[in-house]
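See structure below.
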Amino acid sequence: MTILLSTLNARYTHASLGLRYLLANLGELQEQASILEFVIGAKTTEVVERLLARKPQIVGFGVYIWNVEETSRVVSMLKRVAPHVTVVLGGPEVSHETAEQEIVKLADYVVTGWGDITFAKLCGQILNGPQPLMKIHAGEQPPMDAIRLPYHLYSADDIAHRTIYVEASRGCPFKCEFCLSSLDKTAWPFPLDDFLSQMESLYQRGARLFKFVDRTFNLNVKTSLRIMQFFLDKLQAAPNDPVYAHFELVPDHLPDALKESIAQFPPGALQFEIGIQSFNPEVQALVSRRQNNDKAADNIRWLHAHSHAHLHVDLIAGLPGEDVDSFARGFDHLVSLGPHEIQFGILKRLRGTPIIRHTGPFGMVYDAFPPYTVLATGKIDFQTMQRLVRFSRYWDLVANSGRFANTVKALLGDSPFANFMAFSDWMYTRTDATHRIALDRLAKLVGEWLQERGMPRSDAQALLASDYAGQAGAHGATPKAPAAAPERQARHLAA
Ligand code: SF4
(Lines give C-alpha, C1' and ligand atoms only; values in the text may rest on other atoms or scores of the structure.)
Protein backbone atom coordinates (compact mmCIF):
# COMPACT_ATOMS: atom_id res chain seq x y z
CA MET A 1 0.00 0.00 0.00
CA THR A 2 1.58 3.29 -1.08
CA ILE A 3 -0.23 5.69 1.25
CA LEU A 4 -1.35 4.74 4.72
CA LEU A 5 -3.62 7.04 6.70
CA SER A 6 -3.39 6.51 10.43
CA THR A 7 -4.30 7.94 13.80
CA LEU A 8 -4.70 6.92 17.41
CA ASN A 9 -8.34 7.38 18.35
CA ALA A 10 -9.38 8.02 21.95
CA ARG A 11 -11.56 4.90 21.88
CA TYR A 12 -12.27 2.07 19.50
CA THR A 13 -15.82 3.35 19.03
CA HIS A 14 -14.52 6.67 17.65
CA ALA A 15 -14.05 6.21 13.91
CA SER A 16 -11.89 8.98 12.46
CA LEU A 17 -13.89 11.26 10.15
CA GLY A 18 -10.74 13.24 9.26
CA LEU A 19 -8.92 10.22 7.80
CA ARG A 20 -11.98 9.28 5.76
CA TYR A 21 -12.08 12.81 4.27
CA LEU A 22 -8.42 12.49 3.27
CA LEU A 23 -9.00 9.12 1.63
CA ALA A 24 -12.14 10.28 -0.17
CA ASN A 25 -10.28 13.25 -1.65
CA LEU A 26 -7.12 11.49 -2.81
CA GLY A 27 -8.31 11.30 -6.42
CA GLU A 28 -6.29 8.85 -8.52
CA LEU A 29 -4.14 7.99 -5.53
CA GLN A 30 -7.10 6.60 -3.63
CA GLU A 31 -6.57 3.10 -5.08
CA GLN A 32 -3.12 2.99 -3.55
CA ALA A 33 -4.26 4.21 -0.13
CA SER A 34 -5.93 2.77 2.95
CA ILE A 35 -6.74 3.61 6.57
CA LEU A 36 -5.25 1.90 9.62
CA GLU A 37 -6.59 3.17 12.94
CA PHE A 38 -5.34 2.46 16.45
CA VAL A 39 -6.54 3.28 19.92
CA ILE A 40 -4.66 5.26 22.55
CA GLY A 41 -2.72 2.95 24.81
CA ALA A 42 -1.58 0.65 21.99
CA LYS A 43 2.02 -0.52 22.26
CA THR A 44 4.26 1.67 20.11
CA THR A 45 6.20 -1.29 18.70
CA GLU A 46 2.97 -2.99 17.67
CA VAL A 47 1.68 0.16 15.98
CA VAL A 48 4.91 0.59 14.04
CA GLU A 49 5.04 -3.10 13.12
CA ARG A 50 1.48 -3.08 11.83
CA LEU A 51 2.07 0.12 9.85
CA LEU A 52 5.19 -1.30 8.23
CA ALA A 53 3.46 -4.59 7.44
CA ARG A 54 1.45 -2.63 4.85
CA LYS A 55 4.72 -1.51 3.21
CA PRO A 56 3.78 2.16 2.90
CA GLN A 57 5.81 4.82 1.09
CA ILE A 58 3.91 7.58 2.88
CA VAL A 59 2.21 7.48 6.28
CA GLY A 60 -0.13 10.36 7.11
CA PHE A 61 -0.95 10.79 10.81
CA GLY A 62 -3.91 12.66 12.25
CA VAL A 63 -2.53 14.47 15.31
CA TYR A 64 -4.79 15.69 18.09
CA ILE A 65 -4.33 16.96 21.62
CA TRP A 66 -5.21 13.52 23.02
CA ASN A 67 -2.77 11.53 20.88
CA VAL A 68 0.18 13.84 20.21
CA GLU A 69 2.44 12.28 22.85
CA GLU A 70 1.84 8.71 21.70
CA THR A 71 1.95 9.68 18.03
CA SER A 72 5.31 11.36 18.65
CA ARG A 73 6.67 8.06 19.96
CA VAL A 74 5.25 6.22 16.95
CA VAL A 75 6.75 8.70 14.47
CA SER A 76 10.10 8.65 16.25
CA MET A 77 10.28 4.84 16.16
CA LEU A 78 8.99 4.66 12.59
CA LYS A 79 11.66 7.06 11.33
CA ARG A 80 14.37 5.08 13.17
CA VAL A 81 13.46 1.66 11.84
CA ALA A 82 12.21 2.77 8.42
CA PRO A 83 13.76 6.14 7.52
CA HIS A 84 12.71 5.68 3.88
CA VAL A 85 9.03 6.04 4.83
CA THR A 86 7.80 9.61 4.38
CA VAL A 87 5.78 10.89 7.35
CA VAL A 88 3.16 13.59 6.82
CA LEU A 89 1.34 15.12 9.79
CA GLY A 90 -1.99 16.91 9.88
CA GLY A 91 -4.71 17.77 12.40
CA PRO A 92 -5.44 20.58 14.87
CA GLU A 93 -2.51 19.88 17.18
CA VAL A 94 0.06 20.46 14.43
CA SER A 95 -1.79 23.27 12.67
CA HIS A 96 -0.36 26.00 14.92
CA GLU A 97 2.89 26.74 16.75
CA THR A 98 4.64 24.15 14.56
CA ALA A 99 8.15 25.54 15.08
CA GLU A 100 8.36 24.43 18.69
CA GLN A 101 6.90 20.94 18.38
CA GLU A 102 9.00 17.81 18.75
CA ILE A 103 6.70 15.76 16.53
CA VAL A 104 7.07 18.30 13.72
CA LYS A 105 10.86 18.01 13.93
CA LEU A 106 10.54 14.23 13.54
CA ALA A 107 8.22 14.35 10.52
CA ASP A 108 8.96 15.07 6.85
CA TYR A 109 5.96 17.25 6.08
CA VAL A 110 3.07 18.93 7.87
CA VAL A 111 -0.26 20.06 6.44
CA THR A 112 -1.84 22.74 8.62
CA GLY A 113 -5.55 23.53 8.64
CA TRP A 114 -7.81 21.93 6.03
CA GLY A 115 -6.11 18.86 4.60
CA ASP A 116 -8.78 17.57 2.19
CA ILE A 117 -7.13 18.91 -0.98
CA THR A 118 -3.62 19.79 0.13
CA PHE A 119 -2.76 16.31 1.44
CA ALA A 120 -3.61 14.78 -1.95
CA LYS A 121 -1.47 17.37 -3.78
CA LEU A 122 1.43 16.84 -1.41
CA CYS A 123 1.29 13.04 -1.83
CA GLY A 124 1.26 13.51 -5.63
CA GLN A 125 4.44 15.60 -5.41
CA ILE A 126 6.17 13.17 -3.04
CA LEU A 127 5.40 10.20 -5.28
CA ASN A 128 5.76 11.76 -8.74
CA GLY A 129 7.87 14.91 -8.17
CA PRO A 130 8.86 17.62 -8.21
CA GLN A 131 9.73 17.02 -4.57
CA PRO A 132 8.11 19.58 -2.26
CA LEU A 133 10.57 22.21 -1.07
CA MET A 134 8.74 23.33 2.04
CA LYS A 135 8.14 21.23 5.15
CA ILE A 136 5.01 23.09 6.30
CA HIS A 137 2.11 23.28 3.85
CA ALA A 138 -0.80 25.55 4.68
CA GLY A 139 -3.99 23.64 3.89
CA GLU A 140 -5.99 25.10 1.05
CA GLN A 141 -9.65 25.70 1.82
CA PRO A 142 -11.61 24.72 -1.28
CA PRO A 143 -15.26 25.57 -2.01
CA MET A 144 -17.40 23.18 0.03
CA ASP A 145 -18.82 21.50 -3.06
CA ALA A 146 -15.29 20.65 -4.18
CA ILE A 147 -14.78 18.38 -1.15
CA ARG A 148 -15.84 14.77 -1.71
CA LEU A 149 -17.98 13.56 1.14
CA PRO A 150 -16.47 10.48 2.83
CA TYR A 151 -19.46 8.66 4.30
CA HIS A 152 -19.29 5.70 1.92
CA LEU A 153 -15.94 4.95 3.54
CA TYR A 154 -17.54 3.95 6.82
CA SER A 155 -17.36 0.15 6.62
CA ALA A 156 -20.11 -2.27 7.60
CA ASP A 157 -18.08 -2.93 10.74
CA ASP A 158 -17.90 0.82 11.54
CA ILE A 159 -21.65 1.11 11.09
CA ALA A 160 -22.34 -1.89 13.29
CA HIS A 161 -19.96 -1.10 16.14
CA ARG A 162 -18.78 2.52 16.09
CA THR A 163 -20.14 6.03 16.39
CA ILE A 164 -20.75 7.54 12.96
CA TYR A 165 -19.40 11.09 12.96
CA VAL A 166 -20.91 13.42 10.37
CA GLU A 167 -20.77 17.16 9.65
CA ALA A 168 -23.23 19.34 7.76
CA SER A 169 -20.97 22.38 8.15
CA ARG A 170 -17.49 23.38 9.26
CA GLY A 171 -16.38 26.38 11.24
CA CYS A 172 -18.02 28.75 13.68
CA PRO A 173 -18.85 32.47 13.46
CA PHE A 174 -18.16 33.07 17.17
CA LYS A 175 -14.85 33.98 18.70
CA CYS A 176 -14.56 32.31 22.11
CA GLU A 177 -10.87 32.69 22.73
CA PHE A 178 -10.30 29.29 24.35
CA CYS A 179 -11.61 27.49 21.26
CA LEU A 180 -9.83 26.68 18.01
CA SER A 181 -13.03 27.33 16.06
CA SER A 182 -12.73 30.99 17.05
CA LEU A 183 -10.15 31.30 14.27
CA ASP A 184 -12.71 30.34 11.61
CA LYS A 185 -14.64 33.64 11.61
CA THR A 186 -17.63 31.99 9.94
CA ALA A 187 -19.29 28.63 9.30
CA TRP A 188 -19.33 26.96 5.88
CA PRO A 189 -22.17 24.57 5.05
CA PHE A 190 -21.78 21.52 2.84
CA PRO A 191 -24.37 21.34 0.02
CA LEU A 192 -27.37 20.11 2.00
CA ASP A 193 -28.98 17.83 -0.59
CA ASP A 194 -25.74 15.91 -1.14
CA PHE A 195 -25.22 15.66 2.58
CA LEU A 196 -28.72 14.35 3.23
CA SER A 197 -28.46 11.81 0.46
CA GLN A 198 -25.27 10.51 2.10
CA MET A 199 -27.13 10.33 5.42
CA GLU A 200 -29.85 8.36 3.65
CA SER A 201 -27.40 5.85 2.31
CA LEU A 202 -25.75 5.49 5.73
CA TYR A 203 -29.20 4.90 7.20
CA GLN A 204 -30.02 2.31 4.52
CA ARG A 205 -26.75 0.55 5.34
CA GLY A 206 -27.85 0.27 8.98
CA ALA A 207 -26.38 3.35 10.68
CA ARG A 208 -28.57 4.39 13.62
CA LEU A 209 -26.23 6.48 15.73
CA PHE A 210 -25.23 9.81 14.14
CA LYS A 211 -22.98 12.25 15.93
CA PHE A 212 -22.83 15.69 14.31
CA VAL A 213 -19.54 17.47 14.85
CA ASP A 214 -20.86 20.83 13.56
CA ARG A 215 -19.84 23.41 16.13
CA THR A 216 -23.10 25.32 16.01
CA PHE A 217 -25.82 23.10 14.62
CA ASN A 218 -28.68 25.55 15.28
CA LEU A 219 -27.21 28.62 13.57
CA ASN A 220 -29.02 28.23 10.28
CA VAL A 221 -32.51 27.22 11.34
CA LYS A 222 -33.69 26.23 7.85
CA THR A 223 -30.84 23.75 7.56
CA SER A 224 -31.31 22.50 11.13
CA LEU A 225 -34.99 21.90 10.45
CA ARG A 226 -34.34 19.85 7.33
CA ILE A 227 -31.82 17.71 9.14
CA MET A 228 -34.15 17.21 12.11
CA GLN A 229 -36.97 16.33 9.72
CA PHE A 230 -34.75 13.68 8.14
CA PHE A 231 -34.48 11.98 11.53
CA LEU A 232 -38.15 12.51 12.41
CA ASP A 233 -39.17 10.82 9.16
CA LYS A 234 -36.99 7.85 10.01
CA LEU A 235 -38.40 7.65 13.52
CA GLN A 236 -41.95 7.79 12.24
CA ALA A 237 -41.34 5.21 9.52
CA ALA A 238 -39.59 2.73 11.84
CA PRO A 239 -40.38 3.47 15.50
CA ASN A 240 -39.16 0.03 16.54
CA ASP A 241 -35.79 0.54 14.91
CA PRO A 242 -35.07 4.07 16.12
CA VAL A 243 -32.31 6.36 15.04
CA TYR A 244 -30.32 8.51 17.46
CA ALA A 245 -28.73 11.91 16.76
CA HIS A 246 -26.32 14.08 18.73
CA PHE A 247 -25.91 17.81 18.00
CA GLU A 248 -23.91 20.70 19.49
CA LEU A 249 -26.04 23.78 20.11
CA VAL A 250 -25.43 27.41 20.93
CA PRO A 251 -27.75 27.85 23.90
CA ASP A 252 -29.29 31.26 23.27
CA HIS A 253 -30.72 30.60 19.82
CA LEU A 254 -33.76 28.36 19.72
CA PRO A 255 -36.48 29.82 17.50
CA ASP A 256 -40.02 28.46 17.83
CA ALA A 257 -39.83 26.43 14.62
CA LEU A 258 -36.83 24.56 15.98
CA LYS A 259 -38.55 24.01 19.32
CA GLU A 260 -41.56 22.52 17.56
CA SER A 261 -39.36 20.09 15.72
CA ILE A 262 -37.35 19.16 18.84
CA ALA A 263 -40.54 18.53 20.83
CA GLN A 264 -41.59 15.82 18.36
CA PHE A 265 -38.63 13.56 19.10
CA PRO A 266 -39.41 10.58 21.34
CA PRO A 267 -37.25 9.67 24.36
CA GLY A 268 -33.85 8.24 23.56
CA ALA A 269 -33.59 9.79 20.08
CA LEU A 270 -31.85 13.12 20.62
CA GLN A 271 -28.88 14.42 22.57
CA PHE A 272 -27.78 18.04 22.73
CA GLU A 273 -24.37 19.19 23.81
CA ILE A 274 -24.77 22.79 24.91
CA GLY A 275 -21.84 25.06 25.72
CA ILE A 276 -22.41 27.52 28.55
CA GLN A 277 -18.77 27.60 29.71
CA SER A 278 -19.38 30.51 32.13
CA PHE A 279 -22.40 32.47 33.32
CA ASN A 280 -20.22 35.40 34.41
CA PRO A 281 -20.67 38.32 31.92
CA GLU A 282 -17.26 39.81 32.75
CA VAL A 283 -15.52 36.52 32.07
CA GLN A 284 -17.53 36.05 28.89
CA ALA A 285 -16.45 39.51 27.71
CA LEU A 286 -12.82 38.77 28.55
CA VAL A 287 -12.79 35.64 26.38
CA SER A 288 -14.97 37.26 23.67
CA ARG A 289 -17.84 34.84 24.20
CA ARG A 290 -21.13 36.38 23.12
CA GLN A 291 -23.95 34.78 25.04
CA ASN A 292 -27.31 35.99 26.27
CA ASN A 293 -27.39 34.26 29.66
CA ASP A 294 -31.10 34.77 30.28
CA LYS A 295 -32.07 33.37 26.90
CA ALA A 296 -29.65 30.50 27.32
CA ALA A 297 -31.13 29.63 30.72
CA ASP A 298 -34.71 29.91 29.37
CA ASN A 299 -33.86 27.59 26.50
CA ILE A 300 -32.27 24.95 28.72
CA ARG A 301 -35.31 25.16 31.01
CA TRP A 302 -37.60 24.83 28.00
CA LEU A 303 -35.71 21.85 26.62
CA HIS A 304 -35.85 20.17 29.99
CA ALA A 305 -39.57 20.74 30.39
CA HIS A 306 -40.85 20.26 26.85
CA SER A 307 -38.53 17.89 25.04
CA HIS A 308 -37.17 14.39 25.57
CA ALA A 309 -33.69 15.45 24.47
CA HIS A 310 -30.84 14.37 26.70
CA LEU A 311 -29.07 17.59 27.71
CA HIS A 312 -25.34 17.63 28.24
CA VAL A 313 -24.15 21.12 29.20
CA ASP A 314 -20.53 22.26 29.34
CA LEU A 315 -18.95 24.54 31.93
CA ILE A 316 -15.26 25.44 32.05
CA ALA A 317 -13.38 26.12 35.29
CA GLY A 318 -10.21 28.20 35.25
CA LEU A 319 -11.17 30.83 32.69
CA PRO A 320 -9.28 34.14 33.06
CA GLY A 321 -10.87 36.41 35.64
CA GLU A 322 -13.18 33.74 37.12
CA ASP A 323 -12.75 32.84 40.78
CA VAL A 324 -14.21 29.84 42.59
CA ASP A 325 -17.20 31.77 43.95
CA SER A 326 -18.19 32.95 40.49
CA PHE A 327 -17.79 29.45 39.08
CA ALA A 328 -19.83 28.05 41.99
CA ARG A 329 -22.68 30.49 41.30
CA GLY A 330 -22.71 29.46 37.65
CA PHE A 331 -22.63 25.78 38.58
CA ASP A 332 -25.55 26.14 41.02
CA HIS A 333 -27.53 28.11 38.44
CA LEU A 334 -26.92 25.40 35.87
CA VAL A 335 -27.95 22.61 38.25
CA SER A 336 -31.20 24.50 38.87
CA LEU A 337 -31.97 24.40 35.13
CA GLY A 338 -32.05 20.61 35.23
CA PRO A 339 -29.68 19.34 32.50
CA HIS A 340 -29.07 15.61 32.62
CA GLU A 341 -25.31 15.97 32.56
CA ILE A 342 -22.96 18.81 33.42
CA GLN A 343 -19.60 18.45 31.78
CA PHE A 344 -17.28 20.13 34.27
CA GLY A 345 -14.18 20.83 32.20
CA ILE A 346 -10.93 22.46 33.26
CA LEU A 347 -9.57 25.05 30.82
CA LYS A 348 -6.98 23.84 28.33
CA ARG A 349 -4.77 26.09 26.27
CA LEU A 350 -5.20 24.71 22.80
CA ARG A 351 -2.40 25.56 20.40
CA GLY A 352 -3.25 28.56 18.27
CA THR A 353 -6.09 29.87 20.42
CA PRO A 354 -6.12 33.61 21.19
CA ILE A 355 -6.61 33.05 24.93
CA ILE A 356 -2.83 33.22 25.19
CA ARG A 357 -3.15 37.03 25.33
CA HIS A 358 -4.48 36.68 28.91
CA THR A 359 -1.56 34.61 30.18
CA GLY A 360 0.43 37.48 31.72
CA PRO A 361 -2.36 39.82 32.84
CA PHE A 362 -4.45 37.06 34.45
CA GLY A 363 -1.67 34.92 35.87
CA MET A 364 -2.56 31.90 33.73
CA VAL A 365 -0.21 28.94 34.31
CA TYR A 366 -0.67 25.98 31.96
CA ASP A 367 0.80 22.51 31.98
CA ALA A 368 3.64 22.40 29.45
CA PHE A 369 2.47 18.96 28.28
CA PRO A 370 -0.73 17.98 26.46
CA PRO A 371 -3.53 18.59 27.06
CA TYR A 372 -2.06 21.88 28.40
CA THR A 373 -4.52 22.06 31.28
CA VAL A 374 -4.56 25.24 33.34
CA LEU A 375 -2.73 24.65 36.65
CA ALA A 376 -3.36 28.00 38.33
CA THR A 377 -4.72 31.44 37.56
CA GLY A 378 -4.48 34.79 39.28
CA LYS A 379 -7.81 33.91 40.94
CA ILE A 380 -7.38 30.18 41.61
CA ASP A 381 -4.19 28.78 43.11
CA PHE A 382 -2.70 25.39 42.17
CA GLN A 383 -4.05 23.54 45.22
CA THR A 384 -7.58 24.82 44.65
CA MET A 385 -7.36 23.96 40.96
CA GLN A 386 -6.49 20.39 41.92
CA ARG A 387 -9.56 20.27 44.16
CA LEU A 388 -11.60 21.37 41.14
CA VAL A 389 -10.00 18.67 39.00
CA ARG A 390 -11.03 16.05 41.58
CA PHE A 391 -14.52 17.55 41.79
CA SER A 392 -14.81 17.10 38.05
CA ARG A 393 -13.69 13.47 38.24
CA TYR A 394 -16.03 12.54 41.11
CA TRP A 395 -18.82 14.47 39.42
CA ASP A 396 -18.46 12.19 36.40
CA LEU A 397 -18.45 9.08 38.58
CA VAL A 398 -21.37 10.02 40.78
CA ALA A 399 -23.59 12.55 38.96
CA ASN A 400 -22.93 12.18 35.22
CA SER A 401 -22.82 8.39 35.38
CA GLY A 402 -26.55 8.44 36.15
CA ARG A 403 -26.00 5.64 38.67
CA PHE A 404 -26.94 7.70 41.74
CA ALA A 405 -29.81 9.73 40.36
CA ASN A 406 -31.87 9.89 43.58
CA THR A 407 -28.90 10.04 45.91
CA VAL A 408 -27.31 12.93 44.01
CA LYS A 409 -30.30 15.16 44.77
CA ALA A 410 -29.81 14.58 48.50
CA LEU A 411 -26.07 14.99 48.15
CA LEU A 412 -26.38 18.37 46.39
CA GLY A 413 -29.13 19.83 48.60
CA ASP A 414 -29.62 23.58 48.34
CA SER A 415 -25.97 24.38 47.61
CA PRO A 416 -24.87 21.97 44.91
CA PHE A 417 -21.35 23.27 44.39
CA ALA A 418 -20.43 23.70 48.05
CA ASN A 419 -21.94 20.36 49.04
CA PHE A 420 -20.34 18.42 46.23
CA MET A 421 -17.00 20.10 46.87
CA ALA A 422 -17.20 19.01 50.52
CA PHE A 423 -18.02 15.46 49.35
CA SER A 424 -15.16 15.56 46.83
CA ASP A 425 -12.63 16.68 49.45
CA TRP A 426 -13.84 13.95 51.82
CA MET A 427 -13.71 11.31 49.07
CA TYR A 428 -10.13 12.16 48.29
CA THR A 429 -9.14 12.01 51.94
CA ARG A 430 -10.83 8.61 52.29
CA THR A 431 -9.63 6.99 49.07
CA ASP A 432 -6.52 8.86 47.97
CA ALA A 433 -7.74 8.07 44.46
CA THR A 434 -9.90 9.47 41.71
CA HIS A 435 -9.75 6.42 39.45
CA ARG A 436 -10.32 2.70 39.80
CA ILE A 437 -13.03 3.01 42.42
CA ALA A 438 -15.35 0.03 41.95
CA LEU A 439 -19.06 0.79 41.83
CA ASP A 440 -19.86 -1.13 45.05
CA ARG A 441 -17.18 0.75 46.93
CA LEU A 442 -18.34 4.04 45.50
CA ALA A 443 -21.92 3.37 46.60
CA LYS A 444 -20.71 2.47 50.08
CA LEU A 445 -18.69 5.69 50.31
CA VAL A 446 -21.60 7.82 49.11
CA GLY A 447 -23.79 6.19 51.79
CA GLU A 448 -21.16 6.86 54.47
CA TRP A 449 -20.91 10.48 53.44
CA LEU A 450 -24.67 10.99 53.65
CA GLN A 451 -24.61 9.55 57.16
CA GLU A 452 -21.74 11.83 58.15
CA ARG A 453 -23.95 14.69 57.02
CA GLY A 454 -26.70 13.54 59.36
CA MET A 455 -28.88 11.28 57.24
CA PRO A 456 -30.12 8.21 59.10
CA ARG A 457 -28.47 5.02 57.90
CA SER A 458 -31.76 3.46 56.82
CA ASP A 459 -32.63 6.52 54.67
CA ALA A 460 -29.22 6.54 53.00
CA GLN A 461 -29.53 2.83 52.25
CA ALA A 462 -33.05 3.27 50.88
CA LEU A 463 -31.87 6.05 48.57
CA LEU A 464 -28.99 4.00 47.25
CA ALA A 465 -31.26 1.00 46.85
CA SER A 466 -33.69 3.08 44.81
CA ASP A 467 -30.83 4.06 42.52
CA TYR A 468 -29.83 0.44 42.12
CA ALA A 469 -33.40 -0.25 41.14
CA GLY A 470 -33.06 2.51 38.51
CA GLN A 471 -36.13 4.40 39.62
CA ALA A 472 -35.23 7.90 38.43
CA GLY A 473 -32.88 9.86 36.21
CA ALA A 474 -29.90 12.14 36.55
CA HIS A 475 -30.50 15.20 38.76
CA GLY A 476 -34.03 14.01 39.25
CA ALA A 477 -34.94 14.32 35.61
CA THR A 478 -35.45 11.83 32.81
CA PRO A 479 -33.44 8.62 32.96
CA LYS A 480 -30.02 8.89 31.40
CA ALA A 481 -30.45 5.71 29.41
CA PRO A 482 -34.19 5.32 29.00
CA ALA A 483 -35.40 1.79 29.49
CA ALA A 484 -37.09 1.95 26.09
CA ALA A 485 -33.90 2.91 24.28
CA PRO A 486 -32.29 0.19 22.20
CA GLU A 487 -29.16 -1.35 23.62
CA ARG A 488 -26.82 0.53 21.31
CA GLN A 489 -28.31 3.85 22.40
CA ALA A 490 -28.07 2.92 26.07
CA ARG A 491 -24.42 2.07 25.47
CA HIS A 492 -23.87 5.44 23.87
CA LEU A 493 -25.68 7.32 26.59
CA ALA A 494 -23.65 5.56 29.21
CA ALA A 495 -20.35 6.26 27.43
S1 SF4 B 1 -16.86 27.59 21.92
FE2 SF4 B 1 -18.49 27.05 20.47
S3 SF4 B 1 -19.45 29.02 19.93
FE4 SF4 B 1 -17.43 29.49 20.80
S5 SF4 B 1 -16.01 29.60 19.04
FE6 SF4 B 1 -15.94 27.50 19.85
S7 SF4 B 1 -17.42 26.38 18.64
FE8 SF4 B 1 -17.86 28.56 18.36
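The values are calculated or read from the model by the stated rules, or taken from the named source; none is laboratory data. The structure presented is a predicted model; accordingly, all values stated were derived computationally and were not measured. Cβ atoms come from the backbone with ideal geometry, glycine included; neighbour counts cover every protein chain shown.
In summary, Ser155 fulfils each of the numbered conditions (1) in the same structural domain as Gln30 (by TED's automatic domain parsing); (2) surrounded by fewer than 18 Cβ atoms within 10 Å (Cβ to Cβ) with the single exception of condition (1). Leu219 passes every criterion in (1) buried (at least 16 other Cβ atoms within 10 Å of the Cβ); (2) touching a helix residue (DSSP H, G or I) at 6+ places or on another chain (Cβ under 7 Å) apart from (2). Among the residues making up the stretch 367-412, those that are among the polar types (S, T, N, Q) and part of a loop (DSSP other than H, G, I, E, B) are Thr377, Ser401. Residues in the stretch 172-186 that are within 17 Å of the chain's Cα centre (by Cα) and within 6 Å of the ligand (Cβ to nearest atom): Cys172, Cys176, Cys179, Ser181, Ser182. Remark: pairs (first residue in the stretch 173-189, over 14 Å from Gly352 (Cβ atoms); second residue more than 7 Å from the ligand (Cβ to nearest atom) and among the charged types (D, E, K, R); Cβ separation under 6 Å; 6+ apart in sequence or on different chains) = Trp188/Arg170. Taken as a whole, the stretch 113-122 holds at least one residue that is hydrophobic (A, V, I, L, M, F, W, C), over 17 Å from Phe369 (Cα atoms) and in contact with a Pro (Cβ under 7 Å, 6 or more places away or on another chain).
Per the listing Asp432, Asp414, the residue uniquely charged (D, E, K, R), closer than 16 Å to Ala328 by Cβ and free of Cβ contacts under 8 Å to residues at least 12 places away in the same chain is Asp414. Under the condition of being surrounded by 19 or more Cβ atoms within 10 Å (Cβ to Cβ) and within 14 Å of Asp314 (Cα to Cα), which residue from the stretch 292-303 is nearest to the ligand (Cβ to nearest atom)? Ranking the candidates gives Ala296 first.
For residues that are closer than 21 Å to Gly171 by Cβ and not β-branched (Val, Ile, Thr), scanning just the stretch 229-253, find the one that is farthest from the ligand (Cβ to nearest atom). Give the derivation first.
Let us first name the residues in the stretch 229-253 that are closer than 21 Å to Gly171 by Cβ, namely 245-253.
From what's left, not β-branched (Val, Ile, Thr): 245-249, 251-253.
Values: Ala245: 18, His246: 15, Phe247: 13, Glu248: 7, Leu249: 10, Pro251: 10, Asp252: 10, His253: 10 Å.
Per the criteria, the residue is Ala245.
Taking the stretch 254-279 as the region of interest, how many residues are more than 25 Å from the chain's Cα centre (by Cα) and within 16 Å of the ligand (Cβ to nearest atom)? Residues flagged as more than 25 Å from the chain's Cα centre (by Cα) and within 16 Å of the ligand (Cβ to nearest atom) within the stretch 254-279 amount to 0.
Selection of first residues in the stretch 211-237 that are under 18 Å from His310 (Cα atoms) and of second residues that are surrounded by 17 or more Cβ atoms within 10 Å (Cβ to Cβ) and of a type in the set (Lys, Arg), restricted to Cβ pairs under 6 Å at least 6 apart or on distinct chains, gives an empty result. None of Leu202, Leu192 is surrounded by fewer than 17 Cβ atoms within 10 Å (Cβ to Cβ), away from the ligand (no atom under 16 Å from the Cβ) and modelled with pLDDT of 95 or more except Leu192. Is it true that some residue in the stretch 225-233 is of a type in the set (S, T, N, Q), at negative phi and buried (at least 17 other Cβ atoms within 10 Å of the Cβ)? No - not one qualifying residue is present in the stretch 225-233.
Listed conditions (1) outside any loop (DSSP other than H, G, I, E, B); (2) within 16 Å of the ligand (Cβ to nearest atom); (3) surrounded by fewer than 19 Cβ atoms within 10 Å (Cβ to Cβ) are all met by Ala160, apart from (2).
Identify, from the list Ile342, Ile355, Ile316, the residue that is closer than 26 Å to Val63 by Cβ, in contact (Cβ under 8 Å) with a residue 12 or more places away in the chain and either in contact with a helix residue (DSSP H, G or I) (Cβ under 7 Å, 6 or more places away or on another chain) or in a helix (DSSP H, G or I) (or both). The unique qualifying residue is Ile355. If Gln131 satisfies all but one of (1) outside any helix (DSSP H, G or I); (2) within 16 Å of the ligand (Cβ to nearest atom), what's the number of the condition it fails? Answer for Gln131: the failing condition is (2). Within the stretch 78-95, the presence of at least one residue that is in contact (Cβ under 8 Å) with a residue 24 or more places away in the chain, under 28 Å from the mean Cα position of the chain (by Cα) and part of a loop (DSSP other than H, G, I, E, B) is confirmed. Of the residues that make up the stretch 135-151, is at least one touching a Leu at 6+ places or on another chain (Cβ under 6 Å), outside the structural domain of Leu17 (by TED's automatic domain parsing) and either more than 16 Å from the ligand (Cβ to nearest atom) or within 18 Å of Asn220 (Cβ to Cβ) (or both)? Checked against the condition, which is being touching a Leu at 6+ places or on another chain (Cβ under 6 Å), outside the structural domain of Leu17 (by TED's automatic domain parsing) and either more than 16 Å from the ligand (Cβ to nearest atom) or within 18 Å of Asn220 (Cβ to Cβ) (or both), the stretch 135-151 yields at least one hit.
Here is a yes/no grid of residues against (1) in a strand (DSSP E or B); (2) within 19 Å of Pro150 (Cβ to Cβ):
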| site | (1), (2) |
| --- | --- |
| Leu5 | yes, yes |
| Arg11 | no, no |
| Tyr21 | no, yes |
| Gln30 | no, yes |
| Ser34 | yes, yes |
| Ala42 | no, no |
| Glu49 | no, no |
